[in-house]
Protein chains: 2
Amino acid sequence: MASVKPSVPKGMRDFSPAEMVKRNYIFDTIKSVFRKFGYQQIETPTMENSATLMGKYGDEGDRLIFKVLNSGDYLSKAQPEWLATTNAKLTNHISEKALRYDLTVPFARYVVQHQNEITFPFKRFQVQPVWRADRPQKGRYREFYQCDADVVGSNSLLNEAEFILIYDEVLSKLGLTDFTIKINNRKILAGIAEIIGKPELIVDMTVAIDKLDKIGLEGVVSELLTKGFTQEDVDRLQPVILLQGANAEKLEKLKIILSASETGLKGIAELETIFGYLQSFTLLKATVEVDITLARGLNYYTGAIFEVKTNETVMGSIGGGGRYDDLTGMFGLKGLTGAGISFGADRIYDVLEELKLFPEASNQTTRVLICPFDISAETFALPLLQQLRTAGINAELYPAGAKIKKQLDYANNKNIPYVVVIGSDEVQSGEITLKNMQTGEQQKVSAAQVSEAVK
Amino acid sequence: MASVKPSVPKGMRDFSPAEMVKRNYIFDTIKSVFRKFGYQQIETPTMENSATLMGKYGDEGDRLIFKVLNSGDYLSKAQPEWLATTNAKLTNHISEKALRYDLTVPFARYVVQHQNEITFPFKRFQVQPVWRADRPQKGRYREFYQCDADVVGSNSLLNEAEFILIYDEVLSKLGLTDFTIKINNRKILAGIAEIIGKPELIVDMTVAIDKLDKIGLEGVVSELLTKGFTQEDVDRLQPVILLQGANAEKLEKLKIILSASETGLKGIAELETIFGYLQSFTLLKATVEVDITLARGLNYYTGAIFEVKTNETVMGSIGGGGRYDDLTGMFGLKGLTGAGISFGADRIYDVLEELKLFPEASNQTTRVLICPFDISAETFALPLLQQLRTAGINAELYPAGAKIKKQLDYANNKNIPYVVVIGSDEVQSGEITLKNMQTGEQQKVSAAQVSEAVK
C-alpha cells in the first residue's frame, strides 16, 4: 500500500492528550458554573434536516453549511439536466441533511419540538462542535466547539444579571484577573437612531460607531456622513459616542439625551434594573461597563447585549450574548422570549496559554509511574499498583522489559510527577524509593505509605 | 411561515437534560477509570478525508459511511456523463470528506500522523460520536457514541489483564453486581482449525461454533457439515466446543487437544499469563470465563479477545475488544502491536435504566430553588442565592412574579430536592423555611444555615 502520510481535512484538528487536558479544564469549568446557576445540559444531533438550517443564517451562512450526501442510491432518480443547473438545485436533489452550523438554531428547533415536555423557564446549556465551510485561517477553524447557555420563557432581567455573574465566576476560576463585561441595550441604540430622526439607519449607525476603537472619532464621522447622516445628525450623535464616566453617570446623561424616546428610556431602565440586581451580588474580578458603541447581532437581539474582553492580553471578544424576543418564531412558536451567552473556548484557550494560567497538576493525568527493573519486580509491584488505584490515584506500571532510562523518559513525556523504581533491593527489603520528577527529590517509603506520599 | 413541527433526521436523537445527566454519569465513570489506568484522552475531527476511511470497513462499511458534499462550487467541473455512471464514481467527484465511522481507523491515522510526537507505549482513550447510514431500528442509531481505550506499542499481556480490571471497576462502579468477562484467543481458534487439518476453514468454523448459545450443538454440527467439515472433523471438534470446567481446567484440557499446534499452545500460554497477572489483583464483581466459542472481529484480532455480558438482564454484549498486531499498517506504519476495548454506552444506559441503578442525586442538577412571593422577597433572597453558590451548591432563584404553585411545579419537574419559600414573614424575621421536596419535611433555619442543611 502506498504510504502517503495521512492528514486531517483542512481547518480541522486533532487534539493531543496534553491539549485535551487543557480543553477539558476549560469546558469543565464552564459547565460546572452553568450548572451552579441551574442551567441543564442538552445535546442535539450533529446532523439536522437541511430544512431546519437553510435560510436561518443568510445567504452567506447557507453557503457555509456542510451538506451531507444522501446515503444509498441517491442517483436513482437522476435527471441529466441537474448537472446543467446550479449547485443549490442539485444539492436539493442529492442531500437532505446538513451539519450543525451553530447551537442556537438547533436549540430553537429542540424547544419547539419538545415544547410539551419542557418546564419553562427552560435554562439549557450546550457544549458541542459546529461546522462551517469558511476559509480556514489563524484562529478560525472549520470545526470548533461552542459553549452556549440560554434561558427561554423568562423575561426577568435577573437572567441578564446572572449572565454577568456566570462570566465573572468562570473567568475568575480560570485565573483571569482583569476583564471587562461590556453591556449595551438594543433599545438604547434604537432610541439614539430615533432621536436623530433616522430610525431606518440604525444598522448603518451602529456599524459605524462600533468601529470607534479601531478608526477613531474622525473615521466614524466620515463613515456616518457617507451613509446618509447629515452634519447636524453627527453633531447630535457625538456626545453619545463619546459618552464618558461611571456607568450610573453614563445612564443619567443618556436619559437626558433620549428623553424623547420611549424605546430608548426603556433600554436605560433595563440596564438600571440589571445594575440593581448586581448591587446584591459581589463580583470576583469582572469590571462591568456600559458601552454604547457595542453592537452585536443586531438583527437578532432585542434587549441587553453583552461582550467580554480580557485586558491582560490582546485578543478579540472571549464571550458575548444578549436577549432576543423571538428565537422560536422561525419554527412557528411565537412570543417566547429568551436570553443567552456563549464562551469562545478557542480564544480562552489561547489566553490561558499565553498567560500561563493552565494548572500544573490535573486529575486527568497519571500521578505515579511504577518502573520495574525486571519481571520479578513487576510481579512484586502489582499489589502496589492496585493499592494506589484503590486509593483513587491514577497510576501505571511500565511493563517489565524496558530499560529504566526509557521508563523515566516515558514519565517525563507524560508529565507524570512521581515515579517508583523497583529492583531486587526493593523486592527484598519491601522499602521503596519514591522520586519526585519535578524536584528530583527521592524518599524511601514503605509500600503502604506511597499513596499518602503522592496525594 | 408554515409551522411544520420540526424533527431530527431518522436514527438520530436529541438528549434531554435528564438523559444527559444519566449519559454523563456513564461517560464520566468510564473516563475516570480509563484515566486511573493511565489512558489519555484524544479527540479526532468529525470529518476525515474520504481516502482515510474508504476501503477500511469492507464494501458494506463503505456504503454506510456518510459522505459530505464538497463546499463551494462543486459542480464547476461537472461532466454530463457523471450522472450516467455509478453512485460511487459521482461521489468521488463531488465529495472528498466523510464522517467518522468508528474510533479505530481515525486512531490509527492519528498514530501514524503524529508518530514523532507520541511516546510509546501510547495509551489513549476516545469518547466521541460515530455515524453509520444503517437502517435504524430499536437500539440501533445512525449517530451514537463509542468509548474506546487502546494501547499501541506494548506487547505486554499486563495490558490485557488491566482491560479486565477496567471492565470490572467501571461496571462495578455503575452498580452492576453480576457480569461475565468472556475471554478467548485468536491463536487458540487457529490451533483448533489446524489440528482438524482445516486451517483454511477457520472463519466458517468460528462463525458456526460462535452460534452454540443460539442454535445448540446440533445446529452447530449441521452448519459445520454444510461448510466443508467431515463427520470425523466434527467428532474432533466436539470436545472443544463442549469444553467444561473452571478456567484452569479448560486450559489444561485444551493443552492436550492442541498439543500438536504451536500456535494453539501459544494462545493458551497467553491466556495463562493473563490469568497469572489477575492473581495479583482483586476483582470487585466480575467473573472471568474462558469461552472457546467466542469469536469477535476475526479478521482483525490476533491474540486475546474479550466480550462482556451482564447476567442481571437479557442484553447483548456491553463491551468487547482484543489484541491486534497490525493496526497502523493500513497507513504504512508496520509492526506496531496494539490492544483495545470498548464500552457499549447505549446498552449500558438501558441496563442501568432497567435495573434502576442510576443514582438519585447528582451534582449536575440544581440542589436548591429559592421561591420568592414577590419582588421584595426576591431582593431579600439574592444574598442567600450567592451564599449558596459560593458554598459550591447549585442553586436557582425563580424570578419574582410567578405563583408559588408554579414555582414548586418547576422544582418538581427539574427534580430539585430542596426549596426555600420566601414571603414577607421571612423577610421580616430573617428565618427561612427549607422544604425537602422528597419527604415533604419542612424546617426553619437561618439564612446562614441553609448551605449546611442542604449539603
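The values are calculated or read from the model by the stated rules, or taken from the named source; none is laboratory data. Computed from a predicted structure; not experimentally measured. Positions of Cβ are generated from backbone atoms using ideal geometry, with glycine treated the same way; all protein chains shown enter the neighbour counts.
Among (1) within 30 Å of B:L385 (Cβ to Cβ); (2) within 11 Å of another protein chain (Cβ to nearest Cβ); (3) buried (at least 19 other Cβ atoms within 10 Å of the Cβ); (4) not aliphatic (A, V, I, L, M), where does A:H114 come up short?
Answer for A:H114: the failing condition is (3).
Quick check on A:K309: is it among the charged types (D, E, K, R), within 23 Å of A:V170 (Cβ to Cβ) and part of a loop (DSSP other than H, G, I, E, B)?
No.
Looking only at the range A:204-245, how many residues end up being free of Cβ contacts under 8 Å to residues at least 12 places away in the same chain, under 20 Å from A:K309 (Cα atoms) and either touching an Asp or Glu at 6+ places or on another chain (Cβ under 8 Å) or not small (G, A, S) (or both)?
3
Can you find even one residue in the range A:380-387 that is more than 25 Å from A:V454 (Cβ to Cβ) and either out of contact with any Pro (no Cβ under 6 Å at 6 or more places or on another chain) or not acidic (D, E) (or both)?
No, that holds for no residue.
Confirm whether B:Q244 is within 14 Å of chain A (Cβ to nearest Cβ) and either modelled with pLDDT of 95 or more or more than 22 Å from B:V170 (Cβ to Cβ) (or both).
The answer is no for B:Q244.
For A:F343, are the conditions met, namely being touching a strand residue (DSSP E or B) at 6+ places or on another chain (Cβ under 7 Å), within 30 Å of A:D326 (Cβ to Cβ) and crowded, with 18+ Cβ neighbours inside 10 Å?
Yes.
I'd like to check something: does the range A:388-403 contain any residue that is more than 10 Å from chain B (Cβ to nearest Cβ), within 23 Å of B:G276 (Cβ to Cβ) and not aromatic (F, W, Y)?
Looking through the range A:388-403, none of the residues is more than 10 Å from chain B (Cβ to nearest Cβ), within 23 Å of B:G276 (Cβ to Cβ) and not aromatic (F, W, Y).
Here are some residues: B:K198, B:K182, B:K187. Which one is buried (at least 23 other Cβ atoms within 10 Å of the Cβ) and under 26 Å from B:I268 (Cα atoms)?
B:K187
Applying the selection to the range B:33-73, what residues are of a type in the set (G, A, S) and assigned to a loop (DSSP other than H, G, I, E, B)?
B:G38, B:G55, B:S71, B:G72
Picking from A:L157, A:L171, which residue would you name as being within 11 Å of chain B (Cβ to nearest Cβ) and over 30 Å from A:V234 (Cα atoms)?
A:L157
Only one residue in A:D148, A:D210, A:D168 is touching a Leu at 6+ places or on another chain (Cβ under 8 Å), within 22 Å of A:L254 (Cβ to Cβ) and of a type in the set (D, E). Which one?
None of the others qualify; the one that does is A:D210.
For a quick check of your reading of the model, give me the residue pairs whose first member lies in the range A:374-400 and is closer than 18 Å to B:P121 by Cα, whose second is surrounded by fewer than 16 Cβ atoms within 10 Å (Cβ to Cβ) and among the hydrophobic types (A, V, I, L, M, F, W, C), with beta-carbon atoms closer than 7 Å and at least 6 apart or on different chains.
From the range A:374-400, the pairs are A:A400/A:I375.
If you scan the range B:74-105, which residues turn out to be closer than 22 Å to A:A98 by Cβ and either in a loop (DSSP other than H, G, I, E, B) or modelled with pLDDT of 95 or more (or both)?
Listed by number, the residues that qualify are B:Y74, B:L75, B:S76, B:A78, B:K97, B:A98, B:L99, B:R100, B:Y101.
Can you tell me which residue within the range A:293-312, out of those that are at pLDDT 90 or above and among the charged types (D, E, K, R), is nearest to A:F275 (Cα to Cα)?
Step by step, filter the range A:293-312, then rank; the result is A:E307.
What's the number of the only condition in (1) among the basic types (K, R); (2) at pLDDT below 95; (3) surrounded by 21 or more Cβ atoms within 10 Å (Cβ to Cβ) that B:R109 fails to meet?
Just one mismatch for B:R109, condition (2).
What number of residues in the range A:119-140 are more than 8 Å from chain B (Cβ to nearest Cβ), in a loop (DSSP other than H, G, I, E, B) and buried (at least 19 other Cβ atoms within 10 Å of the Cβ)?
Matching residues across the range A:119-140 total 1.
Output the residue which, of all residues in the range A:5-32 that are touching a helix residue (DSSP H, G or I) at 6+ places or on another chain (Cβ under 8 Å) and part of a loop (DSSP other than H, G, I, E, B), is modelled with the lowest pLDDT.
Looking at residues that are touching a helix residue (DSSP H, G or I) at 6+ places or on another chain (Cβ under 8 Å) and part of a loop (DSSP other than H, G, I, E, B), I get A:K5.
Give the residues of the range B:46-75 that are among the aromatic types (F, W, Y) and under 23 Å from the mean Cα position of the chain (by Cα), sorted by residue number.
Selection gives B:Y57, B:F66.
Sort out which residues of the range A:1-49 are more than 7 Å from every other protein chain (Cβ to nearest Cβ) and small (G, A, S), and write them in order of number.
A:A2, A:G11, A:A18, A:S32
How many residues are among the small types (G, A, S) and assigned to a loop (DSSP other than H, G, I, E, B) when one looks only at the range B:253-281?
Adding up the residues that qualify gives 4.
Please enumerate the residues belonging to the range B:145-204 that are outside any helix (DSSP H, G or I) and of a type in the set (V, I, T).
Hits for the range B:145-204 are B:V151, B:V152, B:T177, B:T180, B:I181, B:I183, B:I196.
Would you please name the residue that is surrounded by the fewest Cβ atoms within 10 Å (Cβ to Cβ), looking only at residues in the range A:258-273 that are closer than 18 Å to A:E160 by Cβ and among the hydrophobic types (A, V, I, L, M, F, W, C)?
A:A269
Can you confirm whether A:A149 is in contact (Cβ under 8 Å) with a residue 60 or more places away in the chain, of a type in the set (G, A, S) and crowded, with 23+ Cβ neighbours inside 10 Å?
yes
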